[in-house]
Every structure is written in structure tokens, then in C-alpha cells.
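Read through the structure below, which is laid out as C-alpha cells, and then see the notes.
The values are calculated or read from the model by the stated rules, or taken from the named source; none is laboratory data. Not measured: the values here are computed from a predicted model. Glycine also receives a Cβ, built like all others from the backbone with ideal geometry; neighbour counts cover every protein chain displayed. Keep in mind that these areas ignore ligands, DNA and RNA; they rest on the heavy atoms of the full protein, side chains included. Shrake-Rupley method; radii C 1.70, N 1.55, O 1.52, S 1.80 Å.
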Amino acid sequence: MTPTNDPGGAALSRRALLRLGAGASLAAGLGFGGAACSPAGTGDAVPSGKPGLGGTLRVGLYAGANDLNPLDSTSELTRWVTDPVAESLYAYDDTGTSVPRLAAAEPTVSPDGLTWTIPLKPGVRFHNGDPFTAEHVVACLNYANNTSSPSEWIIYFFGYLAEASAPDPLTVRLQLVKRYGLLRSHLGNMPISHKDFLTRKDAVMGTGPYKLTRVTIGTGYVLDRNPDYHGPRPGPDQIAIDVIPDGTTRTVNLQEGKIHIATQVPPQMVRVLEKAPGLAVYKVDAPVDLLAYPRIGKAPFDNPLFRQAVAYGMDRKGVLDTVFQGDATIGQGPVGPAVIGWDPAFTPYPVVTDVDRARGLLQQSGVKDPSFTLTISNRAEMRSIGQLLAEGWKKVGIDVNIEVLDGGPWTQKWITGKYDFIMGYYQSGLGSGNANFLTLSPAETTNILNSGYTNPEVDGLIQRTWASADPAERTGLIKQLNTTLVRDAVMIPPVYPKTVIAQSKRVTGLSQGALKLSRLDLASLRILS
Amino acid sequence: MTSVTVPDRISGATPAWRSRLRSWARKTGRPAPLTAAGIALLVGFTVLALVVPLFAPDPRATTGLPLESPSAGHFMGTDHLGRDLLARTAAGARLSLAVGFFSVLLGLVLAVPLGMVAAYRAGSWLDDAVMRVLETVQALPVFVFAMFVIGLTGTGSSSVAGITLSMSTKVVLLLGISFLPYFARVARAQTLAEVHEDYVGALRVLGLPRRRVLGEVLVNVLPPVLAQGFLWIAIAIFAESALGFLALGVQPPTPTLGGILADSGNYVLVDAWWYSVLPGLVLVLAVTGFNLVGDALNDRIDRGGSQ
Amino acid sequence: MSLIVIDSVTKDFVAERTVSDRLRRRAAPALRAVDDVSLEVPAGQTLAVVGESGSGKSTLARLLVGLETPTSGRITVDGVAMSGPLTPAQRRSVQIVSQNPWSALNRRRTIGQSLALPLHAHRLVAGRAEGRARVTELLDTVGLREEYADRRPADVSGGELQRVTIARALAVEPRVLVLDEPTASLDNRVKAVVVSLLADLRERLGLTYVLVTHELDVAHYVADRTAVMYRGRIVESGAAETVFPSPRHPYTRMLLDARPQPDPGVPSGPGLPDPTPARRPAAGPGGCAFRGRCPHAMAACDEAVPPLATVAPGHHSACLLPAGEDAALASRVPS
Ligand SMILES: Nc1ncnc2c1ncn2[C@@H]1O[C@H](COP(=O)(O)OP(=O)(O)OP(=O)(O)O)[C@@H](O)[C@H]1O
Ligand SMILES: [Mg+2]
């Protein structure tokens, strides 16, 4: 699985070399003239016109996905491309409520909670003309629940789903091992693709409003409107998604009108874009995590007092102000403002580094010559965060080494547990919705990503949380979980970042409700004409 | 006319190097303007790398607000984390200079004996074997080789046979090894030209051991090879920066010129011109300086300057 | 027994096999630089080897000092084969002085350093002071003042420099000096100084010389014995005082005729006839190598390589021409 979402190595090096060249020529005083400031192009003027159907929508994505199969990856790099192509059984409406899409109605659950029956919408066809039937849904679920498939969805289903079957072409039946109330959330997050495309990584076949017509690896994708779509007509006739790894370039392209939407606006660019009258910037609290796991299985993080010293010595405000220019929320534990169970009043850890408290805890912990390696993923913000935190910890007396890794090696470290403290940026919402399933699960002793933390109380809470079908109960349980995990300093992100998307005002209708769940609803956009 | 008679004792005590220096100065005269500019750049870079860190604030510590423009407090402004950019650039320059110097030194120490022995035994299997191996190493461009190994071993320190190699040592090793074939070729070509000189035969006939004969050849092979090496310091500095830029070099918070440039690229559009321009200028000027002086050295040696 | 014995020495240079040679499974062509040469030099005497450019003189010189190994045959100095492993003392006993003194000295070393190097390598002196004194002594031997020790080759004239290379050779107290065109690169005045120095040194130090040269007057002046080489072979040899006044081989005669006349009033000889176009093409191997340029060539010259025959006591010539006829014909050579 590839739970981090950093640009691939090849793209990175090419971009970086180009930029090095650019840097050198800049420094030499060449080509420096226009590049520096004032946004040009459409960013300057407020466009006018009527929103209409048709046209080509252009989107700047910050990296190209290695795997285009939405049943393999829950990364936004995959999903923002494939979501218009492959739909789920249930989809979120503007208010964030999950409503039937490929399903005809809500599932019927047996009284023991172990048998779920889902009726499917009739008359739906895949892009190749094949009718959408239960066998495709079953194939997808079996693929997701198969330990030997590369699907990230395995963590969502394994140990819960016993069998998926198709009693008739328009009915899917799920047999569960134990109660699993959260399953309803997963059914709204997992895309359904044609059964013949389950092993493809370079293409996707679904029932959605757009067909994937062209993939240029590392460069971009072209989606064309599906004229036979079973739902309401989507807006643009075509969606062109360009991979533009460099944040500055992405924003410049937006300013110049080359793209309508720029994803992942670098924090320092937000102010610049906000001033441009022709652009709109959305800073949305979404299930975006700064994963922050100390390796509890070994020294020095096996010592709870040391963990707390690290948590108190964390320069949260520095990260918030300097790295995110204030566009984030101070972090405490695994549960942030966009997921259920968030309690803004629960702030055991200080905003500003509490050096004395941290020193005291450090002394109490008895750890001699405290030092550790902070492993971070290779993104500009992560590098800044790493250095700020290291400086803060140095004031407390902890010596921190920084190790920067690209996506693949970073994930490898996380899975193999060969880290002291690992930190990465992750949009968990595409797989977990607002339930924070992926971020919380590693706290469970048996989880593959467990950091060495074992707490029977937490294990029990997690089991009950996922089993519960009652949203209110689940929210309460997650709150409880969060409290314990924060107290034990098991997951200590410095801040909860926001999803930042900027768009040209030449398009309208970007759904902020979808953004709150890390979705980019491109189909409902309208281009002004 | 007053004539000063210098007593023999004293003139005899005049060290040879002084008269050599004087005759060198007489022969070389004033350096060409470009060479003078190159020397000035190198002196500037060296001062920045070796002297400025003694006075500058801690390059890792936040000593100002983020992205402060150049001022009396921060001559080069501050970076995005509020750290003094002059201090960081100087520390990066020091690392670059050290990596450049030591990687070239390592390459030379390994390559010169290899190239010389290969040339001395030109045409033998030994020559063949050495050259084939070096060709193989050379087939991988310097940079690709370094990236490959760092990709394999990671950007932290590695331990080889019980010795812990810090990341900067690793960069030095990798660059040095990847320079090896180039240096060995120069050494081999120079030696090939040299072994046809009669003095080599004469020394063999005089019964000098091969080691001593090679030693005599070395004094003639070395100057052009060193001049080449000087040029390669520029390449090493650039390579080190490029590795840092790709986050494959020495890791933050240790400042590297490449790392600074990589970070600064994100702030080009927010009016923080000093952030990318000043460190970029340092890198470009340093590389230019090494090139100008290296070229001048090469020219002088090509012209047959023997002193 | 003679100090130097050259016994049927042949030296072939094999070029590297080209790609085309390899494809055709062909051995690379060999060049015979020295062909079945036998010579002897008694101790204290000087043998001059003369011949035009490319005749293999330098190769013979290099064979003598062990810089090349004979393809066949054997060279011994005082009974020791020069191609085999040598003790340092044996190694020292034969030294070489070559044509180009600038090349023969390390240009980055001072003359003093170049002279001291063999002294220290063979531990002929103990310590720096003694080394310095011996260097001064060596310089003095070749007539140079002490301050030359601190100069570099670039700052010294050719004649002086050649004296330095001689001094360096003498540093290891050799018995034999092989002099490969020692004066070729010097102008006439300096040449005379070096030649007389060499003659003087031979007397003082009891040296044995092999003097390789194309300058017959130098050879005449210094040599006791002369060997004339043509295309790797000895075509005539004998005592200098007989070979120079009465050469027997047409080639030797040509060399003598081509020699620049010391007296400017007398016009110089016609020079060596241009080897091309050959008067008669050298038909295949075998036969006399000189026949293409020989004014007296006859049918028999194509048959076999003429052996080196005794024409007078201690005088050998490799020519089929009968002695009398030879002399008669010689008078018809235009002069
Ligand atoms: N190392 C070598 N490899 C191949 N051929 C060689 C080598 N040394 C000499 N030869 C060839 O052997 C032949 C004899 O050369 P040599 O130098 O002995 O002649 P020479 O009589 O000394 O001529 P010169 O008067 O020009 O010095 C020449 O044809 C030369 O090209
Ligand atoms: Mg010669």
C-alpha cells in the first residue's frame, strides 16, 4: 500500500533539475524580470459570463499517481482522477450526507447485524456498454478483501467481511464475521469498477459521468463526458488534468489562466492568490492528517514520560505560523477538526512550546542523552516542519536528526517500523470519510502499522467504534479513544492542515461540502461563457 | 652607485623557494583579467565558507521573522523559517567547499596511481583491466551513480564494515569514486606522453626501482592532473548542490546550498527575491571562479610552463 | 674476451594487431629493427655504430642497456646477459646517454636533484652533504660549475645539458657508456667540446664506449672500431682507421661521400641517392637489402643476403663485389 502521496521519484528529479537550472539563471540575473511578482493573466480581472455546460475544465494536480486503480489506492492522486469515472454504491451530497448512487437504496441489515443486503440501481451501464450488475460489485469486494491483492482496502475489510455474493443481478449480499457498523461508511468511499479492470493499473472503467480517454504517464489525463450517464448531465465536456509538481508553477499557471483549478496551493502562495480578484481560494478543514507516530516499541519512545516531553516540546505555533501562515489548526492527537469526535476544547498540549514542562518531563523520564531521528516525507512543508520541530526540541535538550524520504521509502519505513518518529502528510478522507479509520487503526495492537503501542483499553474501544452502527455512539467512542491516545502521546501531530484549493472565477460550483471529505467534485463545475 | 655585497653565507641561505617564487612571479606577470576575476571569486567564496561561519549566528536557529529582507541585522535576509540566510549560505558554502575539495582529493589519490600504472604498463592486461573497469564506472554519469547509491543506502549515515559514514562522508565518497575514471584517464594520458621521454629510460638504466621511476614521472604528471582536479572541484560543488536540491544530499537542518535553493524556489513569487537569488549567486559565482582559475591553470600548463 | 659481446641479436617490433588483422586471423606485421647483429667491444675501446636514420642504431643501443629485450640472440657485458635479471651493481655497469638532453632530464627537477637521485638510490653517498659534494664533483668532471646544480634544464644550454646527462651516467660509476647520438642535437662548436670531453673521460675513467651516430666525423674522431648498419644489419665493420679511409661496402662509401665537407671550399658529395624510386625494386625478401640503391647491384644480390665476409684482417664487409672490382668501381662513383 502507498498511504503517502508524494510525487514519484522520476517526476521529482526532473522537476528539481529544471528548477535548479532556473535557480541558476535567476541568480545569474537572467530571466528574473517577470517571474517575481504581480500575478498576470486572468487572476487580475474578475471574469464575467454565464455558467454553462460544455467546455474543457483544466485542473493542476501536484503529482501523477503510480496506480490508477481506485481499488488499489486511496490517495487523492488516484481518486481525484478516477472519481468522475468510477462511482461508489453511495455518494456524498452537498451536505456531506451519504446517499445512494449505484445502490438503489440503503442496505438492509439483518437483526444480528451480520448480513447486509444492498439493492442496485437498474439500467446503469459501464462505459464499454456492459450492464452494471451485482457480479461487478462482488468482484470489487472480493478484490478488496483479498490479502494477495495490492488493494489498500484490505485494511477496511479484512477480518470483517466473510463473503460477498450476488443472489441476483441487482442484489449484493455481504456476510460479515462480526458486527461492522462502519461498513456503511466504507461502501460510500470505495469505488466500483468493471470486474475486468480490477488488475489494471493504467486504466479504469466505471459507470461515472466521465470516461478516462487518455493517460500520459507523469504528465496528465484526459476525461471525456459520458453521454450515456445514468445521472444528471455533468458540466464540462472534457476534463484535462495536468500534473504540475511544482507548487509555484501550479499557482502561476492558475494566475495565467492555463488551469481553472490548482490543487495543493503552497501555504506561502495563499496570500498572493487571495489578493488576485479573479481567483478564489478555499481553505477547508478536511480529513488531512500530519501522521505523527513515535515508535513506541523501542527506546526512547517506549518511555511515556519521554513521549510527553516530546509532545510538550513541540513547537506547534511555529509550525502553524511559519509553515502554514496560520491556515491550520493546532494539533493534539489523531482526531482533527474535519473528523467525528473532534473536541476543540480538548487541548492538553500547549500552543507554544512549554520548555520548562518538557524539560521536567525529560528529567523525570530518566532518558540519558536524549536523541532520535525524525523521518519525514519529501515535501517542502514537511521539510520545514521537521526543521522547526527539531529546533524546538533542541531547546528542550533533545537532539533530533532529520531524515527526508520519498514516498516509496517513507512508506517502507512506516510498514517495517524501522523509525524513531515518522511524520507524513496524508489525506485519509478518501478511504475513511470522516471516521478517521486509517489514522486511528494503527493504535490497535494487531494492526500492521502498529507502532508498538499496546493498550487493551484502546483495543476494546477501537473494536466497539468500528462495530457501532450508531453515529452518535461512534462519535463518543472516538472522543474517548482520542483522549487516551493524546494522553499517552501515541499520535502527536503538531497541526491539522487544511485542504487548500484555488480556482479561477471562470468556473463556478466547486462543492465545498465535497472538499470537507477530501473530494474534488469536478463533474458539477460550470465554466463561464 | 651603491653596491651591496651580500656575504656568501647569507646568499647561500636564501631559500630556493624564494628565488623560485620570484622567478615565477616574474614569468607569470599579472594574471589575465578573467583569471584575476576568478581568483577574486574564489577568495570571496573561501572567506564566505571559512571565515563568515565564525561570526555569523547559528544557521539552524530562528533568529528573525520568516522572510525578512536584507538588513543590517541580516545581511542576506532570512529564510522561510526565520533563519539568517547569510549564516546558512556560509555554512552551505563551507560544506560545498569541503565536499568539493575532499571528493576531488579522494578521486585523485585513487585515480592517479591507477592511471599511471596502467600507462606504465600500456597495452598489458593490467592496463586493459584497469581501463575496462573504469569505463564501466564512467558509463554511469557522475550524478546518476551518486543518486543510485544514495537511493539504495538512504540519506542518513550508513555503516560499512563497522565504520559509520556520515552523510557528508558518503557524498564525498560517491563523488570521489565517480570522478575516478576521469582523473585516471587524464593521469594515464599524461603518463603515456611522459614515459616516452628519455629520462624514464635513463632512470631505469640507472637502476632505480619502478616505484622511484614512477615518482619521477609523477612530478610531471601531477601538475596537469591537479589543474584538471581544480576544474572538477567546481563540478563537485555543483553535484553536491544538486544532490542537496533533490534532498539526496546532506539532510536538513544542516544547510546546503542545494537545499537552500530547493526551499527558496517556493518563495520566488512572494517577493522574497533575496532568498533564491543570493545563495544562487554564491553557487554560480563559486563555480565560475573555480572554472576560470582552473582554465587558467590548464592554459599555463598547456603552454609548457614548467615551473 | 671482449667486455661487450653482441651475439646474433635480432629485434622485431610487433605492431598491435589491428581489427582487420584480427578478423583475418593474421599476425600483426613485424618490423625487424635489428637483424642478426654480432659485435664485440674490448674493454677500454670505443665502437662506433654508424648508419642513416632508421637503420636500427638506437634499438641496438637500447638493447645494450637492457631497455629492450632481444627477440633472439644475446648481449653480454662482462659475461652478464643484459636481458636477464641484474644485480644493482651489474645494472650500474652500463649507462646510456641519449640524443636529446632536454628529454633525458626531468624538466621539473634541478640538475642537482637529477644528479643526486642515482647517488642516493644506490647509496653511493651517505647523507645530503656528501650527496651535494659528489654532485659538485660530478659537475666538475664534465666541466660545469657548482651553481649549475640549482638550475633547471630549461635554463641551461644544450651542450651543457648533455654534459649533465653524461655526469648523471657517470654518477653510478659505470664501465660502459652507450652514447646514442650524443652530439646530434648540438651545434658544431659545442659538439667539439662534448666530443673531446667524451674522449677525455674515456681516458681518465677507463670507460668503454658504444657510440651510436650518423656523424661519421665524430665516429672517426672517437672510435677504435666502426660498425656500419643498414636496415638493421651490419654491412661493414672493422678498425676505424681502416674503414674510414678505405671503405669496402658501397653503402659505407655512400655515407662517407655524403658527409658534409669540413672545408667550405670543397663542394660536398652528392649525398645519398634517394631510396625511391629504387633503381631496381627489391624483389621480395632475401637478397641484399641495399641492392635497390646500390650502383653495383647484380643478379647475385637478389639471391641471398650477403654474409659478413672478412675482407682484410679485422675488416668485414657484407658485399658480393670482389675486392678488386669493388675498388675499381669505386673510382667511377661520381664525386
Ligand atoms: N618501440 C618500437 N616499436 C616499433 N618500431 C620501432 C620501435 N623502436 C624503433 N622502431 C623501428 O625500428 C626501426 C629502427 O629504429 P631506430 O630508432 O633503432 O633507428 P635509428 O637508426 O636509431 O634511427 P635514427 O637515426 O632516426 O635515430 C625504425 O623503423 C623504427 O620505426
Ligand atoms: Mg636513433
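For the range B:69-83, state whether one or more residues are surrounded by fewer than 20 Cβ atoms within 10 Å (Cβ to Cβ), within 14 Å of another protein chain (Cβ to nearest Cβ) and among the hydroxyl-bearing types (Ser, Thr, Tyr).
Yes, because at least one residue in the range B:69-83 is surrounded by fewer than 20 Cβ atoms within 10 Å (Cβ to Cβ), within 14 Å of another protein chain (Cβ to nearest Cβ) and among the hydroxyl-bearing types (Ser, Thr, Tyr).
Please tell me if residue A:507 is open to solvent by 10 Å² or more (accessible area, probe 1.4 Å) and hydrophobic (A, V, I, L, M, F, W, C).
Spelling it out, it is not the case that residue A:507 is open to solvent by 10 Å² or more (accessible area, probe 1.4 Å) and hydrophobic (A, V, I, L, M, F, W, C).
For the range C:77-101, enumerate the residues that are within 16 Å of ligand 2 (Cβ to nearest atom) and open to solvent by 40 Å² or more (accessible area, probe 1.4 Å). Give the derivation first.
Here is the first cut: in the range C:77-101, the residues within 16 Å of ligand 2 (Cβ to nearest atom) are C:96-101.
Listed by number, the residues that qualify are C:99, C:100.
Got a number for residues in the range A:388-400 being more than 7 Å from every other protein chain (Cβ to nearest Cβ) and open to solvent by 10 Å² or more (accessible area, probe 1.4 Å)?
Residues of the range A:388-400 that are more than 7 Å from every other protein chain (Cβ to nearest Cβ), as a first pass: A:389, A:392-400.
Checking the rest, the ones that are also open to solvent by 10 Å² or more (accessible area, probe 1.4 Å) come to A:394-395, A:397, A:399-400.
Total satisfying the criteria: 5.
Hey, does the range A:377-387 have a residue that's closer than 28 Å to residue B:255 by Cβ and more than 14 Å from chain B (Cβ to nearest Cβ)?
no
Check A:108, A:147, A:171 and return the single one that is within 24 Å of the chain's Cα centre (by Cα) and among the β-branched types (Val, Ile, Thr).
When all the criteria are applied, what remains is A:147.
Suppose the filter is open to solvent by 10 Å² or more (accessible area, probe 1.4 Å) and under 30 Å from residue C:62 (Cβ atoms); does residue B:214 pass it?
yes
Of the residues that sit in the range C:169-190 and are away from every other protein chain (no Cβ under 14 Å) and within 16 Å of ligand 1 (Cβ to nearest atom), which one is farthest from the chain's Cα centre (by Cα)?
Out of the qualifying residues, it is C:186.
Looking at residue C:150, is it acidic (Asp, Glu), within 12 Å of chain B (Cβ to nearest Cβ) and away from ligand 2 (no atom under 16 Å from the Cβ)? Spell out the reasoning first.
Numbers: acidic (Asp, Glu): yes; within 12 Å of chain B (Cβ to nearest Cβ): yes; away from ligand 2 (no atom under 16 Å from the Cβ): yes.
Criteria met by residue C:150.
Tell me yes or no: at least one residue of the range A:342-356 is under 26 Å from residue B:58 (Cα atoms) and buried (at least 24 other Cβ atoms within 10 Å of the Cβ).
Among the residues of the range A:342-356, not one is under 26 Å from residue B:58 (Cα atoms) and buried (at least 24 other Cβ atoms within 10 Å of the Cβ), which makes the answer no.
Condition check ((1) open to solvent by 20 Å² or more (accessible area, probe 1.4 Å); (2) in contact (Cβ under 8 Å) with a residue 60 or more places away in the chain) across all residues:
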{"position": "C:219", "(1), (2)": "no, yes"}
{"position": "C:224", "(1), (2)": "yes, yes"}
{"position": "C:230", "(1), (2)": "no, yes"}
{"position": "C:233", "(1), (2)": "yes, yes"}
{"position": "C:239", "(1), (2)": "yes, yes"}
{"position": "C:245", "(1), (2)": "yes, no"}
{"position": "C:248", "(1), (2)": "yes, yes"}
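Go over the candidates C:106, C:100 one by one and state the one that is within 16 Å of ligand 1 (Cβ to nearest atom) and either hydrophobic (A, V, I, L, M, F, W, C) or at pLDDT 90 or above (or both). Talk me through it step by step, then tell me what you get.
Numbers: C:106 fails: within 16 Å of ligand 1 (Cβ to nearest atom).
The conditions single out C:100.
Suppose we filter A:272, A:335 for residues that are under 20 Å from residue A:434 (Cβ atoms) and buried (at least 20 other Cβ atoms within 10 Å of the Cβ); which single one remains?
A:335
Picking from A:210, A:180, A:221, which residue would you name as being under 26 Å from the mean Cα position of the chain (by Cα), more than 30 Å from residue A:259 (Cα to Cα) and aromatic (Phe, Trp, Tyr)?
Numbers: A:210 fails: more than 30 Å from residue A:259 (Cα to Cα); A:221 fails: more than 30 Å from residue A:259 (Cα to Cα).
Only one candidate passes the filter, namely A:180.
Condition check: more than 9 Å from chain A (Cβ to nearest Cβ) and either touching a Gly at 6+ places or on another chain (Cβ under 8 Å) or of a type in the set (Asp, Glu) (or both). Does residue B:275 satisfy that?
Yes, satisfied.
When the residues of the range B:278-297 are filtered to those that are surrounded by fewer than 21 Cβ atoms within 10 Å (Cβ to Cβ) and over 16 Å from the mean Cα position of the chain (by Cα), which remaining residue is nearest to the other protein chains (Cβ to nearest Cβ)?
Checking each candidate, the answer is B:281.
Looking at B:40, B:93, which one is open to solvent by 50 Å² or more (accessible area, probe 1.4 Å) and not in a loop (DSSP other than H, G, I, E, B)?
B:40
Where in the range A:69-157 are the strands (runs of 3 or more DSSP E), entirely inside, with at least 1 residues that are under 23 Å from residue A:210 (Cβ atoms)? Before you say what the answer is, go through the steps one by one.
Details: elements: A:90-92, A:98-100, A:115-119.
Result: A:90-92, A:98-100.
Taking only the range B:181-194 into account, find how many residues are open to solvent by less than 40 Å² (accessible area, probe 1.4 Å) and within 14 Å of chain C (Cβ to nearest Cβ).
Final tally of qualifying residues: 2.
Considering each residue of the range C:40-75, count those that are open to solvent by 10 Å² or more (accessible area, probe 1.4 Å) and away from ligand 1 (no atom under 15 Å from the Cβ), and give that number.
8
Given the residues B:156, B:176, which is the only one that is in a helix (DSSP H, G or I) and either more than 9 Å from every other protein chain (Cβ to nearest Cβ) or at pLDDT below 90 (or both)?
Working: B:156 fails: in a helix (DSSP H, G or I).
Unique residue meeting the criteria: B:176.
As an exercise: evaluate residue C:194 against (1) surrounded by fewer than 18 Cβ atoms within 10 Å (Cβ to Cβ); (2) more than 16 Å from ligand 1 (Cβ to nearest atom); (3) touching a residue at least 24 places away in the same chain (Cβ under 8 Å) and give the number of the one condition it does not meet.
(1)
Matching residues to (1) in contact with a helix residue (DSSP H, G or I) (Cβ under 8 Å, 6 or more places away or on another chain); (2) of a type in the set (A, V, I, L, M); (3) within 11 Å of chain B (Cβ to nearest Cβ):
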residue: C:77; (1), (2), (3): yes, yes, no
residue: C:89; (1), (2), (3): no, yes, yes
residue: C:102; (1), (2), (3): yes, no, yes
residue: C:143; (1), (2), (3): yes, no, no
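Among A:199, A:216, A:207, A:171, which is open to solvent by less than 20 Å² (accessible area, probe 1.4 Å) and over 26 Å from residue A:446 (Cβ atoms)?
A:207
Of the numbered conditions (1) hydrophobic (A, V, I, L, M, F, W, C); (2) out of contact with any Leu (no Cβ under 6 Å at 6 or more places or on another chain); (3) within 15 Å of ligand 1 (Cβ to nearest atom), residue C:13 satisfies every one except a single condition; which is it?
(2)
Restricting to the range B:224-252, give me the number of residues that are aromatic (Phe, Trp, Tyr), closer than 27 Å to residue A:390 by Cα and open to solvent by 20 Å² or more (accessible area, probe 1.4 Å).
0
Can you tell me which residue within the range C:61-75, out of those that are of a type outside the set (D, E, K, R) and facing chain B (nearest Cβ under 8 Å), is nearest to residue C:205 (Cα to Cα)? Lay out the reasoning, then the answer.
Residues of the range C:61-75 of a type outside the set (D, E, K, R): C:61, C:63-67, C:69-73, C:75.
From the residues that got through so far, the ones that are facing chain B (nearest Cβ under 8 Å) too are C:65-67.
Numbers: C:65: 19, C:66: 23, C:67: 24 Å.
Looking at residues that are of a type outside the set (D, E, K, R) and facing chain B (nearest Cβ under 8 Å), I get C:65.
Take the range B:52-68 and flag every residue that is open to solvent by 60 Å² or more (accessible area, probe 1.4 Å) and away from chain A (no Cβ under 14 Å).
Matches in the range B:52-68: B:54, B:55.
Only residues that are over 20 Å from residue B:59 (Cα atoms) and at pLDDT 90 or above: list them for the range A:378-403, please.
Correct list: empty.
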